[in-house]
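The values are calculated or read from the model by the stated rules, or taken from the named source; none is laboratory data. Just so it is clear, the model here is predicted, and its values are computed rather than measured. Here the Cβ positions follow ideal geometry from the backbone for every residue, glycine too, while neighbour counts run over all protein chains shown. Please note that ligands, DNA and RNA were not included when accessible areas were found on the heavy atoms of the full protein model with its side chains. Shrake-Rupley method; radii C 1.70, N 1.55, O 1.52, S 1.80 Å.
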Amino acid sequence: MSSKIERGFFWHIFYSLTGVSFRYILSNAKTESTMGQITYYSTNDKSERVNFETALMNGLASNYGLYMLSKEDIPRQEPAGIKAMRGMSYAEIAFEVLYPFLQEEIMRADLREMLEDAYDDAAIPTKVGHVLGKTHIIWLTQGPTYSFKDYAARFFGRTLNYFLKKSGLLRVVAVATSGDTGGAVADALHGLERIDNVVFFPKGSVTERQRRQMTTLGGNVYAFEVNGDFDVCQALAKRLLGDKEFAGELFNDPDRFTSANSISVGRLLPQAVYPFFAYSRIAEYDEPMIASVPSGNFGDMMGTVMAREMGLPISKIVCGVNENDEFPEFLKTQEYIVRPSKKSPSSAMIVSNPSNFARLIDLYGGHVYDKRDDTGNVIQEGVMDIRPDMEAMRGDFYSISVSNPDHYAAMREVYEHFGIIMEPHGVVGWRALDTYLHGKHDWLAVIYETADPGKFPDDVEKAIGMTPDIPERIAKQAKLEERIYSIDNAPNVKEDGSVVLSDSQYQKAKEVIRTIFSGS
């Protein structure tokens, strides 16, 4: 057994015997409790300090950084409080987890009302099911767009709308998506009077059902099909967010653009709720839990890291990725090398340079950023000038890459052995956990299933020989008219074959956005 796994098993035993999180002990040695307003800084400029409302409104922090908070500022949950969650609804657990972050900015009653609305069981039921041994699946799949992205998007939309109503301001939310984010955010923001939504998705890299969740809404939702991969879309959204001059020219408001991608703190914080809810449903004796998180842009994974820092007894975070294997290679070699993104059945995880990686590295004392030219174009991705605490990271994480063929093999395996239909993203979590445990599922563990299998009928049929049921809302959207704006300009191609946002693409996007919003 490797020393890495031995350390993980040691902490399992420690937690099981004591019922106390070692991270909780360490965190409380630093601070007995977090008092006063929490501030957020830019991962690229720690002198910038803002509250949650400002971070939410801005989207992107200064110098193209991401808003982050220090370990010392992360609120802690008492073990007794975590135990009390066992009888609570998802909305009630969300309140217990999120109120300590927001208590200085949102009234208790207002936050409770928003969360009860966002996580009404009738609109977004959350289930945890048993697989075998002590392994379970949390099904984050039954919201309005049948994706885990609904959870963060619904919180984001309601909190943004709350602050906009108070201030009388307007915002344009710019989003890049590799599959599910766009539909979830579009649905959550659709019809809100003080918000418009611009969504960038890579041409040919999302399923028809995912695309239609963005393109059939109309109204205040504007979907852009971009010539390139997700990283090009993400660079486009980031550049737009940082273009204060364009926003000032078009809207007479340099801060009009904000983000709902996982770069937004409004998406980060609610993703810390999943593991608390899962733990409340499967832990019987205060034992520690392994969280297996299929990962692309690292939003779910970073939310799980936040939950662990809050005191939830998570002994290991298993981070399964597809053939875009930059993270497991980094853990092995200590070198972060961004390569051209590779196609995969887990299409929403085709990300070679995850945005939230900057937050993760920051939390472990390092720094990574994208080098840019004077116009804001990225000229080198993933530059790591300060290396994080690699020993701590290797102790906390286990990560493997799941090959494209193994996606289908794993889906078939889970179906034939357990009668469970999984889709290409969630099954990466299964394969990673099963590999970590060497097939012996005798440690408490939860896998995140992130989308309804009906969103990926071709992949499911290829794996198990049958087509899953089509979710009701998706069936209705198949008959609706689409509205699509196209960015056909070619991206720049680097020597290694990877593509990056070109200036002509950005100029075309500005031209179309100007046409849409002229007169606003």
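Looking at region 252-264, can you tell me whether even one residue there is under 27 Å from residue 378 (Cα atoms), in a helix (DSSP H, G or I), open to solvent by 10 Å² or more (accessible area, probe 1.4 Å) and free of Cβ contacts under 8 Å to residues at least 24 places away in the same chain? Among the residues of region 252-264, not one is under 27 Å from residue 378 (Cα atoms), in a helix (DSSP H, G or I), open to solvent by 10 Å² or more (accessible area, probe 1.4 Å) and free of Cβ contacts under 8 Å to residues at least 24 places away in the same chain, which makes the answer no. Checked against (1) under 16 Å from the mean Cα position of the chain (by Cα); (2) within 26 Å of residue 63 (Cβ to Cβ); (3) of a type outside the set (Phe, Trp, Tyr), residue 322 passes all but condition (2). Every listed requirement among (1) more than 24 Å from residue 220 (Cα to Cα); (2) at pLDDT 95 or above; (3) open to solvent by less than 10 Å² (accessible area, probe 1.4 Å) is met by residue 504 save one, (3). Residues considered: 41, 90, 67. Of these, the only one that is at pLDDT 95 or above, of a type outside the set (S, T, N, Q) and touching an Asp or Glu at 6+ places or on another chain (Cβ under 6 Å) is 41.
Going by the conditions given, is residue 56 open to solvent by less than 10 Å² (accessible area, probe 1.4 Å) and either in contact with a Ser or Thr (Cβ under 6 Å, 6 or more places away or on another chain) or at pLDDT 95 or above (or both)?
In short, no.
Out of (1) open to solvent by less than 50 Å² (accessible area, probe 1.4 Å); (2) among the charged types (D, E, K, R); (3) within 28 Å of residue 123 (Cα to Cα), the odd one out for residue 483 is which? Checking residue 483 against (1) open to solvent by less than 50 Å² (accessible area, probe 1.4 Å); (2) among the charged types (D, E, K, R); (3) within 28 Å of residue 123 (Cα to Cα), the one that fails is (1).
Taking region 401-432 as the region of interest, how many residues are part of a helix (DSSP H, G or I) and more than 19 Å from the chain's Cα centre (by Cα)?
So the first thing to find is which residues in region 401-432 are part of a helix (DSSP H, G or I), and the list is 404-418, 426-432.
Then drop every residue that is not more than 19 Å from the chain's Cα centre (by Cα), which leaves 404-418, 431.
The total comes to 16.
Of all residues in region 168-183, at least one satisfies being open to solvent by 30 Å² or more (accessible area, probe 1.4 Å) and without any contact (Cβ under 8 Å) to a residue 60 or more places away in the chain. Out of 343, 332, one residue alone is free of Cβ contacts under 8 Å to residues at least 60 places away in the same chain, among the basic types (Lys, Arg) and open to solvent by 10 Å² or more (accessible area, probe 1.4 Å). It is 332. Taking region 69-140 and the helices (runs of 4 or more DSSP H) fully enclosed by it, the elements with 1 or more residues that are touching a residue at least 40 places away in the same chain (Cβ under 8 Å), open to solvent by less than 40 Å² (accessible area, probe 1.4 Å) and among the β-branched types (Val, Ile, Thr) are at 79-84, 90-102.
Checking each residue in region 402-428 for being of a type outside the set (A, V, I, L, M, F, W, C), surrounded by fewer than 20 Cβ atoms within 10 Å (Cβ to Cβ) and either in contact (Cβ under 8 Å) with a residue 60 or more places away in the chain or at negative phi (or both) picks out 403, 404, 405, 406, 408, 412, 413, 415, 416, 417. Taking first residues from region 473-491 that are at negative phi and partners that are acidic (Asp, Glu) and assigned to a loop (DSSP other than H, G, I, E, B), the Cβ contacts under 9 Å between residues at least 6 apart in sequence or on separate chains come to 474/452; 491/229.
Going by the conditions given, is residue 279 among the aromatic types (Phe, Trp, Tyr), more than 26 Å from residue 484 (Cα to Cα) and either in a strand (DSSP E or B) or open to solvent by 20 Å² or more (accessible area, probe 1.4 Å) (or both)? So residue 279 fails the test. The selection criterion, being open to solvent by less than 30 Å² (accessible area, probe 1.4 Å), of a type outside the set (Val, Ile, Thr) and modelled with pLDDT under 95, holds for residue 471. Among the residues of region 439-460, are any more than 28 Å from residue 203 (Cβ to Cβ) and free of Cβ contacts under 8 Å to residues at least 24 places away in the same chain? Taking every residue of region 439-460 in turn, at least one turns out to be more than 28 Å from residue 203 (Cβ to Cβ) and free of Cβ contacts under 8 Å to residues at least 24 places away in the same chain.
For region 51-66, the candidate set comprises residues that are part of a helix (DSSP H, G or I) and not hydrophobic (A, V, I, L, M, F, W, C); within that set, the residue that is nearest to residue 197 (Cα to Cα) is 58. Restricting region 486-501 to residues that are polar (S, T, N, Q) and open to solvent by less than 70 Å² (accessible area, probe 1.4 Å), the residue that is farthest from the chain's Cα centre (by Cα) is 489. For region 362-388, taking the residues that are out of contact with any helix residue (DSSP H, G or I) (no Cβ under 9 Å at 6 or more places or on another chain) and outside any loop (DSSP other than H, G, I, E, B), the one that is nearest to residue 330 (Cα to Cα) is identified as 383. Looking at 379, 337, just one residue is surrounded by fewer than 22 Cβ atoms within 10 Å (Cβ to Cβ), touching a residue at least 24 places away in the same chain (Cβ under 8 Å) and of a type in the set (A, V, I, L, M, F, W, C), and that residue is 337.
Against the numbered list (1) under 29 Å from residue 482 (Cα atoms); (2) buried (at least 24 other Cβ atoms within 10 Å of the Cβ), residue 161 comes up short only at (2). With respect to the conditions (1) in a loop (DSSP other than H, G, I, E, B); (2) polar (S, T, N, Q); (3) surrounded by fewer than 17 Cβ atoms within 10 Å (Cβ to Cβ), residue 352 falls short on a single one, namely (3).
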